[in-house]
Amino acid sequence: MSWALVLTAPAGELEVLAARLFEHGALGVELQEPEQQLMPGTPPLPPGAGRCIAHFTGREAAADSARDLGRAEVPLEVAEEDWSVAWRKHHRPLRVGPRSWVQPPWEDAPTAPGEARVLIDPGMAFGTGSHPTTALCLERVDELLAEFCQRGPGPLGDTIPMVSPPIDVLDVGTGSGVIALLAVKLGAGRVCGTENDPVALEAARRGAELNGIAPDRISWALADPDELPAAPYGLVVANILLNTLVELAPAIARKVARGGRLVLSGLLPPQAAEAEAAYAAQELVPAGRTERDGWVRVELVRG
């Protein structure tokens, strides 16, 4: 027999909770997110919340994890199953843009000529592309890069768009690196991903290796945007929480080149106006919002 720990949390905290469960020895973690279609018989999710189902080999390990996380939930005994393999069934290829897919390493997305695939190991638990905020950013990166792209043979063997002249991309709070990785696959020029978490940054580096991307193709920086010595970028993406977006507004805005775009997410719809105002104060102009599954993406442009 094995044991499951079922934890409910606000939607925006699910990936962090999953990462902590892996740190406490979980063999696999299933995420059930708001608006997700659940299997028949699965209890409905509370409004605005999701569910982490973590699997452990023993009851004591599951109970210790709950206690260390300050949770009162009791581990549940489940039928014997090889969770080191079975948890994979919950991760399938995901279309994230008009020309792009995110997939686990053991799957093959049904890509057409001209489309790109990013491989992400869900066990890294730093962003697989499935969360609405990440998906919103990936979609817009695909769309914006397409405005500058011409099709041609890609550097990794796929037939993908190549940029001429290439648009540079900065991914602030890169997490698993999925946004930066997609930018490379879609033919961006200079690409940089920043983080304040060295563990996440190491996961991003491993993700680049998994995707066959050369170590010098993406610049990974354990730094705030203002600490980067390079020139501004044509496209800056920041998928982080509102308080951090507001705090870093001057630094992030300075990295947006003249005529460049800034894409923000990690925001609930009522927070969009505050985020826009913080960057409008830095002389960026709001250029639109897109909502999905209770989250919003904000876009601005520097004139």
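The values are calculated or read from the model by the stated rules, or taken from the named source; none is laboratory data. If you're wondering where the values come from, they're calculated on a predicted model, not measured in any experiment. Here the Cβ positions follow ideal geometry from the backbone for every residue, glycine too, while neighbour counts run over all protein chains shown. Heavy atoms of the whole protein, side chains included, go into the accessibility calculation; ligands, DNA and RNA do not. Shrake-Rupley method; radii C 1.70, N 1.55, O 1.52, S 1.80 Å.
The simple spin-label model puts a point 7 Å past each Cα toward its Cβ; for V6 and L38 those points are separated by 0.8 nm.
Between A72 and L222, the contour length at 0.36 nm per residue exceeds the alpha carbon distance by 50.5 nm.
If only the Cβ of Lys and Arg carry +1 and only the Cβ of Asp and Glu carry -1, the dipole of the chain around its Cα centre is close to 800 debye.
Placing unit charges on the Cβ atoms only, positive for Lys and Arg and negative for Asp and Glu, gives the stretch 193-303 a dipole magnitude near 420 debye about its Cα centre.
Sorting the segments 66-73, 210-217, 250-257 by their residues' average number of neighbouring beta-carbon atoms within 10 angstrom, most packed first, yields 250-257, 210-217, 66-73. Within the listed set L136, L186, L242, the residue fluctuating most in the Gaussian network model of the chain (springs between alpha-carbon atoms under 10 angstrom) is L242. Compared with the direct C-alpha span, the chain from R289 to A257 gains 9.5 nm at full extension, assuming 0.36 nm per residue. Once the chain from A231 to D64 is taken as fully extended at 0.36 nm per residue, the excess over their C-alpha distance is 55.3 nm. What part of the accessible area of the stretch 176-261, given as a whole %, is carbon or sulfur when the probe is 1.4 angstrom? So the carbon and sulfur contribution to the accessible surface is 53 percent.
What order do you get for 291-299, 195-203 when each peptide is scored by the mean count of other beta carbon atoms within 10 Å, highest first?
Numbers: 291-299: 18.9, 195-203: 16.9.
Answer by packing, highest mean first, reads 291-299, 195-203.
Running a GNM on the chain with Cα contacts under 10 Å, which residue among P286, P47, P225 ends up with the highest mean-square fluctuation? For the chain, modelled as a Gaussian network with Cα springs under 10 Å, the answer is P47. Mean-square fluctuations from a GNM of the chain, with a 10 angstrom spring cutoff on Cα atoms, peak among L182, L27, L267 at L27. When DSSP beta bridges are restricted to pairs lying wholly in the chain, around 60% turn out antiparallel.
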